[in-house]
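Accompanying notes for the structure given below.
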Amino acid sequence: MLFNSFGYAAFLPIIFLLCWIMPRKWRWALLLAASYFFYATWGPEYLLVLLLTTVVSYYAALYMERKAPSAVYKKTVLVLSILFCAGLLFFFKYLNFFSENVAALLQHFSIPMQPLTLQIALPIGISFYLFQTISYLVDVYREKIPAERHFGIYAVYISFFPKVMQGPIERGASLLPQLHKPHRFHYKLASYSMKLMAWGFFKKLVLADGLSIYVSQVYGDLPSYTGFSLMLSTFFYAIQLYCDFSGYTDIALGSAGILGIRLSPNFRSPYFASSIKDFWGRWHISLSTWLRDYIYIPLGGNRVGCIRHALNIMITFLVSGLWHGASWNFVLWGGIHGVLQVIEGFFPWNRKNSRFQTNGRLHALLCIITVPVTFLLVCFAWIFFRAATLEDALYVIRNMFTGISSPTTYIHDCALQMGLTLTGLLFRCLPMIPLFFFDLASLKTDVIALISRQRFFIRWPIYILLLLAILLFSEKGVTTEFIYMQF
C-alpha cells in the first residue's frame, strides 16, 4: 500500500476515526494491527522478518537490563543481538553482492568459484527498521533509556506504519514515551498535519513523478544522449529524489500527526546547505544522526588526530553508501561525500569560531558562493547514485559537456534528444518555484505555521492553489513507488 494510492486514502481516515473513538488503553492494539496490515499489503511473508526482529530485540533488551549477571554478559547479549540484525540485513541485501565480488576476486587469481546467488525479495523497509532496532539496543545497553516492558507497544515502535517503509529512523527516547502517554485530540496539530501531507503530495505527485519521466528516459538509455541532456536530467534527478523522499517524509509526519504522534523531521532545506557537512545536517537527518551517534562517535569522532579523523569520516560515509544499496555505485557515492567533507574541513571558513562564522555579513556573502557550489557537488555525486553501473556514471561525466562551446546548439540538441518544448519545460519547471521559496523561507521559519496564522482571505487561496496545482500538474492515473523503498 503506497501513500499515493487510493487504498491509503481509504485506510488512513478509518484508522484516524478508530484511534480517537476507541478506549485509550487499546490504542496500541489498533496501531499495531494497522501497522501489520499496512506492512502485510507488501507481502505477508515480510511480516515474519519484522516479527522475528521485534521478538529477538525485545527480549535481548530486557535481558541486558534485568538479568545480565555481569557487564561481560550484558555486552555479549548486545553484540549477539546486533550481529543478528546485521545478519538479517546481510542475508537479504548483501549476500549476492558479497558472493559475486568474492567470486570475481578469486577468479582474478585463477581460482574458480561460482557465486552464490539467491532470488530473494528484499523486505520493504528492512534497512530502516533494523537500524532503528540497533539504536534501541545500544541505547538500552548505554542505559540512556529503559527497556520497554510492554511487548505490544514495543512492536508498534518498530512497525509504526507511517515510518516503517522509509523512516524517519526513530529513537526509542522520542517515540516510545508517546506511545505510552494518553492522547487527546488537538485540532491545531491535526490541521497542521493535514497541510504538511498536502505539501508532501505536491512534492511527490507534481514534482517527483513529473520529473521522473525525463530522468528515466535519459538514464534508461544513456548512449542515445549527450551534452546538455545529461546535465539537465541529472539536475532533474536531484530535484526528483529530494521531492520524492522529503514528500514521503511529509506524508509520514502528517499521517502520524493526525494520530497525535510527532515523528522526527528528516529534511531541512538541504539544497541551501553551504557545505557537504551542512548538507548532511539537512538531508535524511535521522540517518545522518544515526551514523554520527553509532559509528562516527564510537570510532573517535573528531577527538583524535587529523588522519584518524579523516578515516573516521570516510568509514562513516562508506557505510552510508553501502546502507543505500549493494552496489559499488553507492559505495563510491558515499566515498565522494566523505572525501569532499574531509577536504572542506581544511578551509578556514569551515572552522569553529572563524570570523566567517561569527560575522553575519561575511557569512552571508560567503554563502552566495558556497551554496551553489555545494549544490553542484551534490548533483555530481547523484550521478553515481542514479546510474545503473559505474560505466554508466562515467559515460555521463565524460559526455555531459559535449558541445558546450556552442551554447545555442548545446541547448537545442538537448531539446531534440529529450523531446522537450519550451512549453513542456516550463510546465515541469514552474512547480519548482514554490518549492524554492518554501525551502528558502524554511531556513528562518515554519512556513506552514506561518501561513496558518494568516487571515482567512490570505491562507485559503494558498490552500486552493496548492490543491489545483496537484490536480493540474500531477500525472493522472499513475501510481509510482517512492525511490527510497528500494533501500
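The values are calculated or read from the model by the stated rules, or taken from the named source; none is laboratory data. Note that this is a predicted model, so its numbers are computed, not measured. Neighbour counts run over all protein chains shown; Cβ positions are idealised from the backbone, glycine included. Heads up: the accessible areas ignore ligands, DNA and RNA and are worked out on the full protein's heavy atoms, side chains in. Shrake-Rupley method; radii C 1.70, N 1.55, O 1.52, S 1.80 Å.
Just checking, how many residues over segment 116-139 are at pLDDT below 95 and farther than 14 Å from S286 by Cβ? Number of matching residues: 10.
Please find, within segment 398-412, the residue that is most open to solvent (accessible area, probe 1.4 Å) out of those that are within 17 Å of D221 (Cβ to Cβ) and under 32 Å from the mean Cα position of the chain (by Cα).
R398
The set of residues in segment 207-231 that are of a type in the set (A, V, I, L, M, F, W, C) and over 17 Å from A388 (Cβ atoms) comprises L207, A208, L211, I213, F228, M231. If the condition is being open to solvent by less than 10 Å² (accessible area, probe 1.4 Å) and closer than 21 Å to Q240 by Cα, then segment 184-201 contributes only G200. Given the condition modelled with pLDDT under 95, under 30 Å from I470 (Cα atoms) and either surrounded by fewer than 17 Cβ atoms within 10 Å (Cβ to Cβ) or touching a helix residue (DSSP H, G or I) at 6+ places or on another chain (Cβ under 8 Å) (or both), answer yes or no: does some residue in segment 170-183 qualify? No, the conditions are met nowhere in segment 170-183. Among the numbered conditions (1) part of a helix (DSSP H, G or I); (2) touching a residue at least 60 places away in the same chain (Cβ under 8 Å), the only one that A441 does not meet is (2).
The one condition from (1) in a helix (DSSP H, G or I); (2) out of contact with any Pro (no Cβ under 9 Å at 6 or more places or on another chain); (3) within 26 Å of F201 (Cα to Cα) that R398 does not meet is (3). A residue that is over 13 Å from the mean Cα position of the chain (by Cα), under 18 Å from F128 (Cα atoms) and either open to solvent by less than 30 Å² (accessible area, probe 1.4 Å) or not β-branched (V, I, T) (or both) occurs somewhere in segment 263-272.
Within segment 474-487, being among the hydrophobic types (A, V, I, L, M, F, W, C) and open to solvent by 40 Å² or more (accessible area, probe 1.4 Å) holds for one residue alone: V478. The helices (runs of 4 or more DSSP H) found wholly in segment 236-353 and carrying at least 2 residues that are more than 20 Å from Q166 (Cβ to Cβ) occupy 276-280, 306-324, 328-344. For the structure I just gave you, tell me whether S255 is touching a Pro at 6+ places or on another chain (Cβ under 9 Å), modelled with pLDDT of 95 or more and open to solvent by less than 10 Å² (accessible area, probe 1.4 Å). Answer is yes for this residue. Scanning segment 122-139 for residues that are over 21 Å from the mean Cα position of the chain (by Cα), part of a helix (DSSP H, G or I) and free of Cβ contacts under 8 Å to residues at least 60 places away in the same chain turns up at least one hit. In summary, T389 fulfils each of the numbered conditions (1) open to solvent by 80 Å² or more (accessible area, probe 1.4 Å); (2) under 29 Å from W333 (Cα atoms) with the single exception of condition (1). Scanning segment 112-121 for residues that are over 22 Å from the mean Cα position of the chain (by Cα) and open to solvent by less than 80 Å² (accessible area, probe 1.4 Å) returns M113, P115, T117, L118, I120.
Report, by residue number, each residue of segment 413-454 that is open to solvent by 90 Å² or more (accessible area, probe 1.4 Å) and among the hydroxyl-bearing types (S, T, Y).
Answer for segment 413-454, where residues must be open to solvent by 90 Å² or more (accessible area, probe 1.4 Å) and among the hydroxyl-bearing types (S, T, Y): just T423.
Out of the residues in segment 216-252 meeting the condition of being touching a Phe, Trp or Tyr at 6+ places or on another chain (Cβ under 6 Å) and surrounded by fewer than 22 Cβ atoms within 10 Å (Cβ to Cβ), tell me which one is modelled with the lowest pLDDT. Among those that are touching a Phe, Trp or Tyr at 6+ places or on another chain (Cβ under 6 Å) and surrounded by fewer than 22 Cβ atoms within 10 Å (Cβ to Cβ), it is G227.
What about F457, is it of a type in the set (A, V, I, L, M, F, W, C), without any contact (Cβ under 8 Å) to a residue 24 or more places away in the chain, open to solvent by 90 Å² or more (accessible area, probe 1.4 Å) and more than 30 Å from L2 (Cα to Cα)? Here the answer is yes, as F457 does meet what is asked. When you check I462 against the structure, is it open to solvent by 50 Å² or more (accessible area, probe 1.4 Å) and at pLDDT below 95, yes or no? Judged against the criteria, I462 is a match.
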